[in-house]
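Read through the structure below, which is laid out as structure tokens, and then see the notes.
Coordinate-derived values only; no laboratory data. Please read these numbers as outputs of a predicted model, since none were measured by experiment. Cβ: placed from backbone, ideal geometry, glycine included. Neighbour counts: every protein chain shown.
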Amino acid sequence: MNHPVSTYPRDCWYVAATSDEVGDGFLARRVADTSVVLFRLSDGSIAALEDRCVHRPYPLSAGHREGDLVVCGYHGCTYDATGRLVHVPSQENPPSGARARAFPVVERGPFVWLWTGTPGGERLRPPPSTPWLEGDGWSSVGERRDVAAGLVLLHEHYLDLTNVFAMHAEMVPPGIEALPPLEEVEVSEVAVAYRRELPKAPLAPWEAQVSGLDSVDSFGRVETGAFVTPGLHKQTYTITGPDGPEVELVRTHGFTPASSGTTHVFLQISWRGASVSPDAGAGLAAVFHEMADRDTAVLETMQRCLDEDATPRRYVSVKADRAAVRARRILAAMVEGERGL
Ligand code: FES
């Protein structure tokens, strides 16, 4: 399979869909410059095949199902769920060994993870663990969007929240004029995590709305962010009172390159806390949807600027970029490693 030179690693698990998107019908999606078709089998598991008939360049998703078999809509070649070509209408036996590529799939919480890399490599690295998306006292709401910007830009953007004052001023607690410097930036060969603590301040209107806490009191906040894998970004925001955490929020991004310049973004907002109303989901979804709209506009503008640069430029980094720069280096090293550079 030939792929264009990419700016993202392929040997990764990426979120291909949310669980509720995959049913009896075909879901066609572009993942890592590959057309994939996903569908749910009669035993409830999910199959993922390359969305191309091996006979002619025609998508399997334009065909139909017969039970767990996939029938191409052009000449009727039929595949089982592992991609094996099992029937050719115009001859007695199918060509031996003919098959569509099948991709490993793991369904976990709201996400359907897909391995797009070297076949067999998935056995060495399971998809990242996401217990906060799988119950255990947490509730979640989510949305999916396509962003015309590359994977590196997205990770960098969400590892530097100092943009919040310019872009999302209504999210800042009253009286906070600047974010404190990052206290810790933890780096491993494949991950980056940071933490910062904010001084006590009253609740911002959105915090009061979703938390159920008394807005005349002051609270501390602890914020963390992590580039967990190329396909997963996790941020936490904990509002703390005198006795410890009052409300915990997690913003999870599944980032999945469709191509070098376009990314599927699977957003989940999770929360837990005794004071939080059971109906908090709609309010949280609205707050973070609006933020995502503004983030998308900036990210797509930056991608256009990058595309306009005739030659790559060096941009100046500042202290707040520490985590983002580390993530960029990890991604670059992974891509170079896959190219054998
Ligand atoms: S293109 Fe699929 S059967 Fe011919």
Amide proton proximity set for Ala17, modelled H, under 5 Å, gap of 5+: Val112
Compute the acute angle (0 to 90°) between the alpha-carbon long axis of helix 322-339 and the principal axis of greatest extent of the alpha-carbon atoms of the chain; round to the nearest 10°. 10 degrees
Cα-only Rg/Rh for the stretch 183-341 with Kirkwood Rh rounds to 1.02
In Å and whole numbers, how far do the C-alpha atoms of the stretch 13-123 stretch along each principal axis, longest first? 43, 28, 23
Using Cα pairs closer than 8 Å and at least 6 residues apart in sequence, work out the relative contact order for the chain, in percent. 19 percent
Tilt of helix 280-308 relative to the longest C-alpha principal axis of the chain, in degrees (0 to 90, nearest 10)? 70 degrees
For Ala48, residues with placed amide H under 5 Å, excluding near neighbours: Phe103
Treating the beta-carbon of each Lys and Arg as +1 and of each Asp and Glu as -1, no other charges, what is the dipole magnitude of the stretch 13-123 about its Cα centre, to the nearest 20 debye? 300 debye
Ordered by residue, what ³J(HN,Hα) values in Hz, to whole numbers, does the stretch 116-130 give under the Karplus form 6.51 cos²θ - 1.76 cosθ + 1.60, where θ = phi - 60° and Gly and Pro are x? 9, x, 4, x, x, x, 5, 6, 8, 9, x, x, x, 7, 9
Dipole moment magnitude, nearest 20 debye, the chain about Cα centre, only Lys, Arg, Asp, Glu C-beta charged: 1120 debye
For the chain, Rg(Cα) over 2.2 N^0.38 Å is 1.11
